[in-house]
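Single-structure report; data block below.
The values are calculated or read from the model by the stated rules, or taken from the named source; none is laboratory data. Since the structure is predicted, the reported quantities are computational estimates derived from the model, not experimental observations. We place every Cβ from the backbone using ideal geometry, glycine too, and count neighbours over all the protein chains shown.
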Amino acid sequence: MTLLAPAPVATRATTDEPSWSRLRQPVGISEEAAASRRRSVVVVLAWTVAWAFVSRVGGMYSWHYFATGGRLLTMPGSPQGGVHLFASHPELQMGPLTLAVSALVVKAVGTTASSWLAGALMLGLGGLDVWLLTLLAPGRRFQRWLVSALVVIPAWSVLAVHYGHLDDVLALSFMAAALVAARRGHPWAAVVAAGLAAAAKPWALPMILLGWGGREHRVRRLLLGGVMSVLPWVPFILGDPRTLAIGSFGIQNAADSALRVWGVTDPTTPWWCRATQLGLGVTLAWLAARSGRIEWIPLVVVASRLLLDPGTYLYYTSGLVLAALAVDLGSPGRRHWPRLALVVSGWLALDLFLKWRHLPVAAGPVRAAFLVSLLALFGWTLLQPLLAPARRPA
């Protein structure tokens, strides 16, 4: 008669019950690679928090516009709220989607604490946007995310924490999602994301050309993007036709604006400025889409805005840094490291220094020359295939 041996007692070392270190290690990579990824996450988080503390001085400078708009949006019975919001407050130069998000934040934690929650969310979106853009480049994703975040986060903290401009944060975040969707062959998703970007901030309207894609259904896609951009405004326009005058709201023509360099001395926004910005952005974005260089669309749209805008707020440049990163990571033939983004960050630092030293006479020409150089680089990129010598047949 054969006796059965007793079953061995399971221990932590057996494969049936893996240790915590094994559970933390992603499947398919070595422990060393997993540890490197964890270090990257820790460094990015620490870097983000550090720059949040740097930018907190005078922090959330503009958040009161969003808190006020979000609160009034939920007051349909008020003569200054509901559908009368934009007509009564033309200084709220943002899209309805932004006000809807602002309303949710204010409703969740109250007006006083809303700045803290909004600042944290906007700062987190910066790291997420950089992560999304790393999908444009092949391989070494965590390394590229780490290096790119080190370059982008300082500029992003100016936008998210110092100024607290939710509209630009949302527009740029949807832009990153649209670009990744377009590059991965999903033009419908790209145009939806771009339409949301324009619904958050009107200057992002040319981004819908990220949905250019193949010829099939192209017109329908672009129409969808346009409808998504305009539709959120319809209740406000029907409810109070004075909303249509919001485009005529002017801001001061800063002493260091590029407009001054072009000889435009109007004290506030010229009547032709916004339409010209939009026209230039659409034209350049169309050229980028037609040539298949869609990674340039965010940069030429943001650069068009800065080139012809009477305002020179530093948070404008934050968007240009992220757009430059899209070119770095999405351009074929590049080494896919944030070189152009680093150059734009350098201009941001120089612009900050010139503002601090009260040197608008120098800051304006530098601004104009730098932006023209970026657009010239885009033009050179388009010309390169035409100038390349034809290959001789073997």
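Here are the numbers for this structure:
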read-out	value
Any hit, the stretch 202-219, residues being touching a Lys or Arg at 6+ places or on another chain (Cβ under 7 Å), more than 15 Å from L172 (Cα to Cα) and touching a residue at least 60 places away in the same chain (Cβ under 8 Å)	yes
Qualifying residue in the stretch 302-325 (condition: among the small types (G, A, S), surrounded by fewer than 18 Cβ atoms within 10 Å (Cβ to Cβ) and over 19 Å from the mean Cα position of the chain (by Cα))	no
The stretch 328-355 residues that are farther than 18 Å from R141 by Cα, paired with ones that are assigned to a helix (DSSP H, G or I) and hydroxyl-bearing (S, T, Y) (beta carbon under 6 Å, 6 or more apart)	L348/T317
Selection count, the stretch 351-394, where residues are among the polar types (S, T, N, Q) and either at pLDDT 95 or above or surrounded by 14 or more Cβ atoms within 10 Å (Cβ to Cβ) (or both)	2
Selection status of D328, surrounded by fewer than 24 Cβ atoms within 10 Å (Cβ to Cβ) and either farther than 20 Å from R260 by Cα or out of contact with any helix residue (DSSP H, G or I) (no Cβ under 6 Å at 6 or more places or on another chain) (or both)	no
The stretch 60-82 - residue that is in a helix (DSSP H, G or I) and either on the phi > 0 side of the Ramachandran plot or aromatic (F, W, Y) (or both) and, of those, farthest from the chain's Cα centre (by Cα)	G82
Lone unmet requirement of (1) assigned to a helix (DSSP H, G or I); (2) modelled with pLDDT under 95; (3) not acidic (D, E) for G250	(1)
Among the candidates T98, T111, residue that is over 23 Å from P202 (Cα atoms) and either touching a residue at least 40 places away in the same chain (Cβ under 8 Å) or polar (S, T, N, Q) (or both)	T111
Looking only at the stretch 287-301, and only at residues there that are of a type outside the set (A, V, I, L, M, F, W, C) and touching a residue at least 60 places away in the same chain (Cβ under 8 Å), the one that is surrounded by the fewest Cβ atoms within 10 Å (Cβ to Cβ)	R290
Failed criterion for G195 (all others in (1) of a type in the set (G, A, S); (2) under 27 Å from S331 (Cα atoms); (3) surrounded by fewer than 21 Cβ atoms within 10 Å (Cβ to Cβ) hold)	(3)
Some residue of the stretch 232-246 being modelled with pLDDT under 95, under 23 Å from the mean Cα position of the chain (by Cα) and at negative phi	no
Helices (runs of 4 or more DSSP H) fully within the stretch 255-368 counting 2 or more residues that are more than 29 Å from Q384 (Cβ to Cβ)	258-261, 273-290, 314-330, 339-356
